[in-house]
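Q: Quick one: the structure is below, and I'll ask about it shortly.
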Amino acid sequence: MTPIVLVPGLACTAELFAAQIPALWRQGPVTIASTLEGETIANISAAILRDAPPRFALAGLSMGGYIALEIMRQAPERVLKLALLDTAARPDTPEQSALRQGLIQRVRAGELEAVLRQITPNLLHPDHRTNEALIEVQVRMGLQIGAEGFIRQEQAITGRIDSRPHLAAIAVPTLVLVGDKDALTPPDRSEEMAKAVPHARLVVIPDCGHASSLEQPQAVTDALMEWLAA
């Protein structure tokens with residue numbers, strides 16, 4: 001049995017992986033990492049490592065992928081397998097950082113729910129942007145993370161390093177998964193990572209945006225199960 005650590009994305013809780021957890025538990029005990037401790041991606045990663053099993057399979061979605069890549073730098077000997085879902089190795093562009101600062105200012109002004117409702121449709125496939133159930137999941141998770149958590153996570157994301165120079169050192173079986181219409185971390189970012197990581201397999205999920213584990217839960221579960229079995 002392989003312990004599995006799942007790392008949620010920005011303003012996300014364990015509910016992000018609710019559809020995957022029952023199947024993954026059949027392969028080993030599942031831990032949902034907390035992303036609420038630490039001011040930087042490096043700090044958050046160190047806190048996760050402190051509480052994680054001695055060795056484990058590691059999967060992260062979006063911000064969780066940024067954290068997973070940092071965990072691979074801090075403790076590569078502890079990670080048995082790696083899954084990078086809807087994420088990227090590149091740092092923010094100046095334009096992306098400026099957008100994040102704007103969101104931070106609005107959340108500081110008490111607009112967390114309004115911000116969540118504004119940004120959530122952009123996470124989804126065009127056909128899913130009016131899906132109230134998907135929107136409500138994202139808003140509910142974000143409200144649980146809270147304004148302070150949202151701000152700290154956005155600041156950590158803005159300050160993250162460029163992970164591209166470190167990809168070639170990843171020496172474990174790696175799944176790189178992305179929605180075919182992911183607007184936040186487009187498929188070319190996943191293709192870039194899959195080419196650079198020596199033991200990577202690229203999976204592109206059809207009819208899917210950035211929130212793949214919610215939008216196409218069975219396809220993501222299937223890909224993770226295959227990854228664990230490999």
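The values are calculated or read from the model by the stated rules, or taken from the named source; none is laboratory data. A quick note: this is a predicted structure, and the numbers were derived from the prediction, not measured. Every residue, glycine among them, receives a Cβ derived from its backbone with ideal geometry; neighbour counts consider all protein chains shown. Calculation scope for accessible area: heavy atoms of the full protein, side chains included, ligands and nucleic acids excluded. Shrake-Rupley method; radii C 1.70, N 1.55, O 1.52, S 1.80 Å.
Q: Within the stretch 185-208, is even one residue modelled with pLDDT of 95 or more, open to solvent by 60 Å² or more (accessible area, probe 1.4 Å) and closer than 29 Å to E39 by Cβ?
A: Scanning the stretch 185-208, I find at least one residue that is modelled with pLDDT of 95 or more, open to solvent by 60 Å² or more (accessible area, probe 1.4 Å) and closer than 29 Å to E39 by Cβ, so the answer is yes.
Q: Would you kindly identify the helices (runs of 4 or more DSSP H) lying entirely within the stretch 161-230 that contain at least 1 residues that are in contact (Cβ under 8 Å) with a residue 40 or more places away in the chain, over 19 Å from P121 (Cβ atoms) and not polar (S, T, N, Q)? Spell out the reasoning first.
A: On the way: elements: 187-196, 212-215, 217-229.
Passing ranges, in order: 187-196, 217-229.
Q: A114: over 27 Å from N43 (Cα atoms), open to solvent by less than 70 Å² (accessible area, probe 1.4 Å) and either more than 18 Å from the chain's Cα centre (by Cα) or among the polar types (S, T, N, Q) (or both), yes or no?
A: yes
Q: On to the next question. In the stretch 128-150, which residue that is open to solvent by less than 40 Å² (accessible area, probe 1.4 Å) and under 13 Å from T35 (Cβ atoms) is farthest from the chain's Cα centre (by Cα)?
A: G146
Q: Now, a different point. If you go through the stretch 34-57 one residue at a time, do you hit one that is β-branched (V, I, T), in contact (Cβ under 8 Å) with a residue 24 or more places away in the chain and not in a helix (DSSP H, G or I)?
A: First, pick out the residues of the stretch 34-57 that are β-branched (V, I, T): 35, 40-41, 44, 48.
Imposing the further condition that a residue be in contact (Cβ under 8 Å) with a residue 24 or more places away in the chain reduces the set to 35, 40-41, 44, 48.
Now restrict to residues that are not in a helix (DSSP H, G or I): 35, 40.
Yes, the stretch 34-57 has at least one match.
Q: Which ones in the stretch 20-33 are buried (at least 20 other Cβ atoms within 10 Å of the Cβ) and part of a helix (DSSP H, G or I)?
A: Hit for the stretch 20-33 is L24, nothing else.
Q: Still on this structure, please answer the following. Please find, among A133, A52, the residue that is of a type in the set (G, A, S) and under 26 Å from G179 (Cα atoms).
A: A133
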